[in-house]
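Before any comments, here is the structure.
Every number in this text was worked out from the coordinates using simple rules, so none of it is lab data. Nothing here was measured: the structure is a model prediction, and the numbers come from that model. Please note: Cβ atoms are built from the backbone with ideal geometry, for glycine as well, and neighbour counts cover all protein chains shown.
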Amino acid sequence: MSTLNLKEMKHGFTACEEVELPRYFKQFNIYENLVVPCGVDSEYTLDLKVGNLKIISAKIINTINGLSIEGQYLTGKKLVLMGYVDVSIYFKPKKKKGCGNEFSNAYVLEKSMSFSTFIVIPNPVCDENIINLRYIIEDGSLAKISENKVLISTTIFIEYDDKKLIKEE
């Protein structure tokens with residue numbers, strides 16, 4: 001069984017910095033429609049706080065070698081990932097009740113948004129290797145779909161680092 005190292009990437013770098021382009025990565029979106037809880041005022045504004053990403057399962061599988069229809073080189077190995085992102089949704093009433101900060105009167109809903117994805121990884125790799133992953137949560141957004149439904153959407157970038165050790169940033 002492999003050991004998994006998961007590290008969050010730093011936000012904000014400038015275009016003039018020399019950046020090595022990632023070779024083995026996946027960018028994906030997870031989303032969910034949510035019914036507004038009964039205790040929420042009819043007039044509210046939304047706010048979203050996205051927590052950390054957690055990987056609960058990582059497995060290396062054998063696949064075919066070749067070139068995909070999209071032009072991606074298939075190495076014969078994939079890393080299958082399953083995990084979740086914790087989010088907090090704040091339903092803030094438009095009419096402020098009493099004193100306190102903007103979140104003191106908010107109805108807070110904690111949610112774990114699960115995902116599964118895969119990353120094509122270099123070959124040869126065996127199950128005994130250390131799996132080094134880096135991630136960044138690029139975006140988290142909310143949209144009111146109807147009076148009682150909200151869409152939660154999060155965009156994630158995960159990179160498989162094929163170097164032996166992840167450098168400290």
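Could you go through region 32-49 in sequence order and give the Karplus-derived ³J(HN,Hα) for each residue, using 6.51 cos²θ - 1.76 cosθ + 1.60 with θ = phi - 60°, rounded to whole Hz, and x for Gly and Pro?
With the stated coefficients, region 32-49 comes to 7, 8, 10, 7, 5, x, 5, x, 8, 4, 5, 10, 8, 10, 10, 9, 10, 10 Hz.
Filter the cross-link list 10/92; 59/111; 26/111; 10/78; 92/149 down to pairs whose alpha-carbon distance in this structure exceeds 19 Å.
Among 10/92; 59/111; 26/111; 10/78; 92/149, the Cα-Cα distance tops 19 Å for 10/92; 59/111; 26/111; 10/78.
Would you mind counting up the charge near residue 6? Only other residues with Cβ under 9 Å from its Cβ, with Lys and Arg at +1 and Asp and Glu at -1.
Summing Lys and Arg as +1 and Asp and Glu as -1 gives +2.
Give the peptides 30-43, 48-61, 76-89, 130-143 in descending order of average Cβ contacts within 10 Å, highest first.
Those peptides, ordered most packed to least, come out 76-89, 130-143, 48-61, 30-43.
In whole Å, largest first, what are the principal axis extents of the Cα atoms in region 113-160?
Principal axes ranked by extent give 52, 16, 14 Å for the Cα atoms.
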